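Take a look at the structure below.
What follows draws every value from the coordinates through simple rules; no lab data is involved. Bear in mind the structure is a predicted one, so any value in this text is a computation, not a measurement. Note that each Cβ is placed from the backbone with ideal geometry, even for glycine, and that neighbours are counted across all protein chains shown.
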Amino acid sequence: MAEEQNPVGVVDRDRRLVSLSRRGFIASSTGLVGSMVAGHAAAETLADVPPREDGTDLSGHSERSKYTKIARIPEAGPGKRNIDPGDAINSKTPLDKLFGSITPSDLHYERSHSGAPDLDPALHRLLIHGMVRKPLVFNVEDLKAMPSISRVVFIECTGNGWENWKKADGTLTVQNTHGLVSTNEWTGVPLKFLIDLVGKESNSRWVLAEGGDAAGVARSIPLTDEILNEAFVAYGQNGEPLRPAHGFPMRLIMPGFEGNLNIKWLRRLKFGDQPWMTRWETARYTQLQANGKAIQFQLRMETNSVITSPSGTMVIKPGYRRITGLAWSGHGRITKVEISTDGAKTWKEAQLGSPALAKAQTRFQMDWAWDGKPTRIVSRSTDDQGNVQPDRKSFIAATGTNALFHYNAQQTWSIDETGRVRNVLD
């Protein structure tokens, strides 16, 4: 009865109970994180809340905040940074400044052999010919009228990680070491649908894909069941038309396979019964082994991962922090990422972001309390085919240091007593 006579007191008591219950839930369910969050929130007051501000007029295009400083890094080759943009052969994604797993279209890494042409979609054509019953030519509008698919897929340059083949430059960021990989949602027409239209001959087991850039990049691609079922010709990127740097008005998407097979500015698909042995698969994009022999058609990108925070050149303080990074595999879906905070002596399984998609980058994270002592942190990933990312010692033993492409060894970051994070080899 007393409670009924004092409804305000009941509300106050219930609020205290609810508040205590929530604090208890946070502390018990998240431990270290809950303590940190609760302590931080208790220190804040309404005096810290800034006043409202007038907004700018609406426009036809949204820009990033003036307070957000984020850009790609142009380079002319391994270790060749701080160059004139005209000398650049690629431009790297700022992995350390991104969230989630999707790369903004304008920050997707770029690799071009003769710059990025901006082709007129009204004039551009795709010729499909060779060992087919009915050669055809399509424009962009033809493709848009066909059945389409949308798929989230990573694309990775074969040279990603090339700075760490022989030595470790301690001044490198994760953008320098791993910035030649990005993930977008691509939209286009399945290759299999186009093949049905032209009627590929049964003994045609290869296709030559050629781009419309001045370099005339062209690659021979084997028509395996996997490629026939997954490859597609894209005209959309993250919900909009392709950007010129990424193949506008159409490009080939080859889920899980090396970046240079994803031919940009696609102008020709020629079917045949053997590879064409173009300069791009003889003089270029071959893999020199320790014994002096070279591998051709090493097409698939391997299981990989990298911690993006904390990472190279960052400075951290003792106490709680969230370790996070990205993992990907050309074989399929990432199923596990492990993190070591003691130089690969012990490992702890990280939490994977959802959804973890096949042949797409997956975000991982883990709680960590740094004690202020020098250490090394490293990640390793496992995919659904059982492929495990190798440590550097095993990788070099199998591959040697003459190669330049397909580097997927575990990435180690050292942390000294001042909290400075640096790139090291192991």
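Before moving on, here are some points about what is shown:
- Its convex hull of Cα atoms gives region 80-173 a direction-averaged projected area, equal to a quarter of the hull surface, of 10.3 nm².
- The trypsin sites (Lys or Arg not before Pro) of region 264-316 that DSSP puts in a loop, and whose beta carbon has at most 10 other beta carbons within 10 Å, are 293.
- In this structure, the residue pairs whose Cα-Cα separation is over 23 Å, taken from 80/373; 92/317; 80/345; 336/393; 69/167; 192/359, are 80/373; 92/317; 80/345; 69/167.
- Extreme residue, positive dipole direction of the chain, given options 394, 128, 188 (C-beta unit charges): 394
- DSSP loop GluC sites (Glu not before Pro) with at most 11 other Cβ within 10 Å excluded, longest remaining stretch of the chain: 64-416
- Placing +1 on each Lys and Arg Cβ and -1 on each Asp and Glu Cβ, with no other charges, gives the chain a dipole about its Cα centre of roughly 940 debye.
- Where the alpha-carbon atoms of region 326-376 are placed on the principal axes, they occupy 38, 18, 12 Å, in descending order.
- Listed residues 234, 303, 327: farthest to the positive end of the dipole of region 227-378 (Cβ charges): 234
- Along its three principal directions, the equivalent ellipsoid of region 301-426 from the Cα gyration tensor extends over semi-axes of 24, 18, 11 Å, largest first.
- Helix-only mean residue ellipticity at 222 nm for the chain, each DSSP H run of n ≥ 4 adding -39500 (n - 2.57), per residue, nearest 500: -4500 deg cm²/dmol
- In the chain, the alpha-carbon atoms span a convex hull of 218 Å³ per residue.
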